[in-house]
Amino acid sequence: MDELDYEEIVGLHADDLYRFAFSLTSKADEAGELTQETYCRLLTKGGQLRDRAKVKSWLFTTLYRVFLGWKRHESRHPHLEIESVAHELPVFMPATVDAMDGETIMARLLEIEERYRTPLTLFYLQDLAYRDIAELLELPVGTVMSRLSRGKDLLRQRISIQFADTPEKIIPIKLERLKKTESL
């Protein structure tokens, strides 16, 4: 798509796209971002559009799909005010926080077997959904969920062992799980 075509398309459809985005989001800033993201996708994927007469429907479909993707992400990762969930957070002493950083966690993660480490990395660091991980690793979704659960337990154990000399608990671990793991 050349620059003249792009500018013409923006000129023809910008107001309609923005109004549609605003009807979905009810917020001017989000509607603007949604419209901008749609035009960004037009620049990157507009070459796939075979029939230029269908550009308007392509734009509206793309905008709606982007909106749904944002909503899915928002539902998986809701924004919570810290005050509303403070009672659920573990107590950290300043010395513990200073000692525990991302590099330490990554080092403990690398100690875990690959079959548990890979789903953890894909889920938490790459933000992939269970289904996406299952497809990528060619595993059933249940297996992915099981490996994530087991991997989190193993990571908790590694972190707790490292900080065993600190008086406060960093991540609570049920003793039954720890005993079961030791017997494996």
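See the values below:
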quantity: Selection from region 39-52 of residues that are within 24 Å of the chain's Cα centre (by Cα) and surrounded by fewer than 17 Cβ atoms within 10 Å (Cβ to Cβ); calculated: Cys40, Arg41, Thr44, Lys45
quantity: Residue count for region 114-128, restricted to those that are under 15 Å from Arg156 (Cβ atoms) and open to solvent by 50 Å² or more (accessible area, probe 1.4 Å); calculated: 2
quantity: Leu136 being modelled with pLDDT under 90 and of a type in the set (A, V, I, L, M); calculated: no
quantity: Residue that is modelled with pLDDT under 95, buried (at least 16 other Cβ atoms within 10 Å of the Cβ), farther than 28 Å from Tyr124 by Cα and in contact with a helix residue (DSSP H, G or I) (Cβ under 7 Å, 6 or more places away or on another chain), where the choices are Val10, Val55; calculated: Val55
quantity: Residues (among the small types (Gly, Ala, Ser) and within 11 Å of Asp5 (Cα to Cα)) located in region 40-57; calculated: Gly46
quantity: Members of region 20-38 found to be assigned to a helix (DSSP H, G or I) and without any contact (Cβ under 8 Å) to a residue 12 or more places away in the chain, listed by number; calculated: Phe22, Ser23, Ala28, Asp29, Glu30, Glu33, Gln36
quantity: Criterion (closer than 20 Å to Ala107 by Cα, open to solvent by 50 Å² or more (accessible area, probe 1.4 Å), in contact with a helix residue (DSSP H, G or I) (Cβ under 9 Å, 6 or more places away or on another chain) and modelled with pLDDT of 85 or more) met by exactly one of Arg147, Arg131; calculated: Arg147
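This table checks each residue for (1) of a type in the set (Val, Ile, Thr); (2) open to solvent by less than 70 Å² (accessible area, probe 1.4 Å); (3) within 25 Å of the chain's Cα centre (by Cα).
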| residue | (1), (2), (3) |
| --- | --- |
| Ala14 | no, yes, no |
| Tyr18 | no, no, no |
| Leu24 | no, yes, yes |
| Asp29 | no, no, yes |
| Leu34 | no, yes, yes |
| Glu37 | no, yes, yes |
| Thr61 | yes, yes, yes |
| Val66 | yes, yes, yes |
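The values are calculated or read from the model by the stated rules, or taken from the named source; none is laboratory data. Note that the coordinates shown come from a computational prediction; the quantities given were computed from them, not determined experimentally. So basically every Cβ, Gly included, is an ideal-geometry build from the backbone, and we count neighbours across all protein chains shown. Remember, those area values only see protein heavy atoms, side chains included, never the ligands or the DNA or RNA. Shrake-Rupley method; radii C 1.70, N 1.55, O 1.52, S 1.80 Å.
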